[in-house]
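The structure appears right after this line, and notes come after that.
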Amino acid sequence: MSLDFLILYEHTVREYESDLLLKLELERRGYTAEIRQLLDRKKLKYFTWKKPKVLVSSCMYDNEAINSHVYNNVGKLNKIVNLHWEQMLSDTQEEGDWFNFNGNAKKCVQTCWGRRTADRLIAHGMEEKNCPVTGAVMMDFVRPEFSGYFKNKKDLCAEFGLDASKELHLYISSFGYASMTEQEVKELSEMAGTDFTGFAATNRVSMAETLRWFDEYLGQHPEVELVYRRHPSEWNSPQLAELAKKRPNFHVIFAYGVKDWIMAADSISIWMSTAIAEVYMAGKSCHILRPAPIEHEYDPVIYAGAKYVTSYEEFLTAMADKNPPFPIAREVIEGYFDPSETPAYIRMADLLETVYKEPPRDEPMGEGFTPHFNLLKFFALWGVHILFALRLPPKKVFFFHKGLADFAQRIYGYVEKAYVPKAQIKAMEDKIRPFVMKGGN
C-alpha cells in the first residue's frame, strides 16, 4: 500500500510530539502517515511501493538538503513541505543567506509560524505561494483546547518533593556555553567557523549573576520554590549543585518538557530562550533577566525592544508583581507566532492536504538540482543501526582504526539520541489522540 505522507524529524525533544500530533490528525482524516528519523536506515519500500506522495521535512536549506533529506530517502519527489523548525533567529541570521534558503530549496513549501517570517523569505526571493503562514504546531499544546494535557502543579510538586502550597517560580535557562571549557569553546568555534569566545563569556557572567540573585532572593523568601530548568548542556555545572545544596528551595530539574513547567508555574523568568513564545501562547507572562547585554548576533530578534530586568533591585520589584505585562510587544510576538483561532496542527494538515491533492507548486528536483545517492552513508547507517540494536559502541568494535571508530561513533551518538522506544511512542499517541478526536468533532 502506498504512503500518503512521510514525516522526517531530526531532534526528538524539539519535534517528535508535534509530529505525532500532525500524524494523528492526518490519520483522522483518512490518510496514511509515518514518522522517521533523518538517520534511520534507508529502505527500498520508500523508493518503490511505499513511496510517499508528500515528504514533510524538518529543515530544507539548499540543494544538498534536498538531496540528503529527500532524494536519499525516497528518490525523486517534488511535493516537499518543510516544517521549518528554525525560525527564531538573530538579526544577523535573518539577513544571512543560509536561513533564507538557497538553490532549489526556494521551490519547496517553507511553512512559516508567522507573517514576519513569510515577509522576510519573500523579500529574499521566495514566492508567496511557497511561504504559507500556518502557525507553530508545538504551540498548540498550551492552547485551551488541550486543557488537561499536562500535569498540574500539585502533581508535579508531589513528584519532585516540592511544596505545592508555596509559589512555584520557573526559570528557563539557556546557558549552554557556560559549562564549556575554553578548549571546548575553541573547538566549537573552529568547527562552526564562528568565534564563540565572547558569547561564552557572556553566558558565564550572566549565569553567575543570575544565580547570585536567586541565592539572595531565596534566602529572604522561603515561601518560594524555584525550579531551574537547565539547558541540556548544563548537565555538569558545579554552580547549580552548590546553590541547590545551599538553598533547599532551589531545584534543578530537567524532567518533563518545558511546557509542563510553564503550565504549572505561578511565576516565570527567562534569559533568551525561544520558549518565551510558549509562555505567551499559554496566556502567561514572564520576566526577562539580563544581568549583562547579549551580543546582537546571538540574541533572538524577537527579544529586540523587550523590557529587561538588569539589576537585583529590578528583580525584587519584578518578583513582587503578581500580574506583570508581557515583556515583548504584542505585535512583535504575534508577528512571529500567528495567533489564529484555529490550532496550527489543523492549519498545517489543511496545507498538507492541499499539497497532496493539487499538482506540485514547483519542481525542487527540476532544473538546477543534480541528484546523487550517498552509498557510503547508506551502508554506514545500516552498519551503525545493527551495532545500536546490539548495543555495541563503534569505538569498541573498531578499536583498531581510530578514524573509522570516530566516524561511526559520531553517527551512533546521533542515532542513540534520536531513538524513541515503541512503548514510549504508543504512550505519547494514546495521550495525544483524545485531543485530536475531540478537535475533529
### Message
Scan the stretch 202-224 and tell me whether some residue there is under 23 Å from ILE294 (Cβ atoms), surrounded by 13 or more Cβ atoms within 10 Å (Cβ to Cβ), modelled with pLDDT of 90 or more and of a type in the set (Gly, Ala, Ser).
### Response
yes
#### Entry: Pick from the stretch 93-111, criterion more than 20 Å from the chain's Cα centre (by Cα) and part of a helix (DSSP H, G or I), ranking: surrounded by the fewest Cβ atoms within 10 Å (Cβ to Cβ)
GLU95
#### Entry: In the stretch 389-419, the residues that are within 29 Å of the chain's Cα centre (by Cα), assigned to a helix (DSSP H, G or I), more than 30 Å from GLU25 (Cβ to Cβ) and of a type in the set (Lys, Arg)
ARG410
### Task
Any residue in the stretch 389-407 that's surrounded by 10 or more Cβ atoms within 10 Å (Cβ to Cβ): show its pairings with residues that are among the aromatic types (Phe, Trp, Tyr) at Cβ separation under 6 Å, as long as the two are six or more apart or on different chains.
PRO394/TYR412; LEU404/PHE398; ALA405/PHE398
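Taking the criterion of being exposed (fewer than 14 other Cβ atoms within 10 Å of the Cβ) and assigned to a helix (DSSP H, G or I), would at least one residue in the stretch 365-373 satisfy it?
No, because not a single residue in the stretch 365-373 is exposed (fewer than 14 other Cβ atoms within 10 Å of the Cβ) and assigned to a helix (DSSP H, G or I).
Condition check ((1) assigned to a loop (DSSP other than H, G, I, E, B); (2) over 15 Å from ASP362 (Cα atoms); (3) at pLDDT 95 or above) across all residues:
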| position | (1), (2), (3) |
| --- | --- |
| LEU39 | yes, yes, no |
| LEU55 | no, no, yes |
| SER68 | no, yes, no |
| ASN78 | yes, no, yes |
| GLU86 | yes, yes, no |
### Summary
Note: among LYS426, LYS438, LYS422, LYS377, just one is among the basic types (Lys, Arg), within 28 Å of the chain's Cα centre (by Cα), over 30 Å from SER269 (Cβ atoms) and open to solvent by less than 70 Å² (accessible area, probe 1.4 Å), namely LYS377
### Task
Would you be able to tell me the number of residues in the stretch 242-251 that are part of a helix (DSSP H, G or I), closer than 21 Å to GLU159 by Cα and open to solvent by 60 Å² or more (accessible area, probe 1.4 Å)?
1
## Note on the structure
Every listed condition ((1) in contact with a Leu (Cβ under 9 Å, 6 or more places away or on another chain); (2) in contact (Cβ under 8 Å) with a residue 12 or more places away in the chain; (3) surrounded by fewer than 20 Cβ atoms within 10 Å (Cβ to Cβ); (4) within 13 Å of TYR61 (Cα to Cα)) holds for PRO132 save (4)
### Query
Which ones in the stretch 205-229 are touching a residue at least 60 places away in the same chain (Cβ under 8 Å) and in a helix (DSSP H, G or I)?
VAL205, SER206, GLU209, THR210, ARG212, TRP213, GLU216, TYR217
### Message
Restricting to the stretch 153-177, name every residue that is in contact (Cβ under 8 Å) with a residue 60 or more places away in the chain and either assigned to a strand (DSSP E or B) or closer than 30 Å to TYR298 by Cβ (or both).
### Response
GLU167, LEU168, HIS169, LEU170, TYR171, ILE172, SER173, SER174, PHE175
#### Entry: Which listed residue is among the charged types (D, E, K, R), more than 30 Å from TRP113 (Cβ to Cβ) and touching a Phe, Trp or Tyr at 6+ places or on another chain (Cβ under 9 Å), from GLU225, GLU242, GLU234
GLU225
### Task
Kindly indicate whether THR202 is in a helix (DSSP H, G or I), under 24 Å from the mean Cα position of the chain (by Cα) and either under 15 Å from ILE270 (Cα atoms) or not hydrophobic (A, V, I, L, M, F, W, C) (or both).
yes
### Message
Conditions first: (1) part of a helix (DSSP H, G or I); (2) over 21 Å from the mean Cα position of the chain (by Cα); (3) among the acidic types (Asp, Glu). GLU278 passes all but one, so which condition is the exception?
### Response
(2)
### Matching residues, the stretch 180-199, being open to solvent by less than 40 Å² (accessible area, probe 1.4 Å) and assigned to a loop (DSSP other than H, G, I, E, B)
PHE196
### Search result, residues across the stretch 291-308 that are aliphatic (A, V, I, L, M) and in contact (Cβ under 8 Å) with a residue 40 or more places away in the chain
ALA292, ILE294, VAL301, ILE302, ALA304
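Residue by residue, here is whether (1) open to solvent by less than 50 Å² (accessible area, probe 1.4 Å); (2) out of contact with any helix residue (DSSP H, G or I) (no Cβ under 9 Å at 6 or more places or on another chain); (3) part of a helix (DSSP H, G or I) holds:
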| residue | (1), (2), (3) |
| --- | --- |
| ILE302 | yes, no, yes |
| ALA318 | yes, yes, yes |
| PHE326 | yes, no, no |
| PRO339 | no, no, no |
| THR342 | no, no, no |
### Task
Go through (1) among the small types (Gly, Ala, Ser); (2) open to solvent by 50 Å² or more (accessible area, probe 1.4 Å); (3) under 30 Å from VAL227 (Cβ atoms) one by one and return the number of the condition GLY114 breaks.
(2)
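The values are calculated or read from the model by the stated rules, or taken from the named source; none is laboratory data. Quick caveat: nothing in here was measured; it's all calculated off a predicted structure. Ideal geometry is used to build each Cβ from the backbone, glycine not excepted, and the neighbour counts take in all protein chains shown. Side chains included, ligands, DNA and RNA excluded: accessible areas come from the protein's heavy atoms. Shrake-Rupley method; radii C 1.70, N 1.55, O 1.52, S 1.80 Å.
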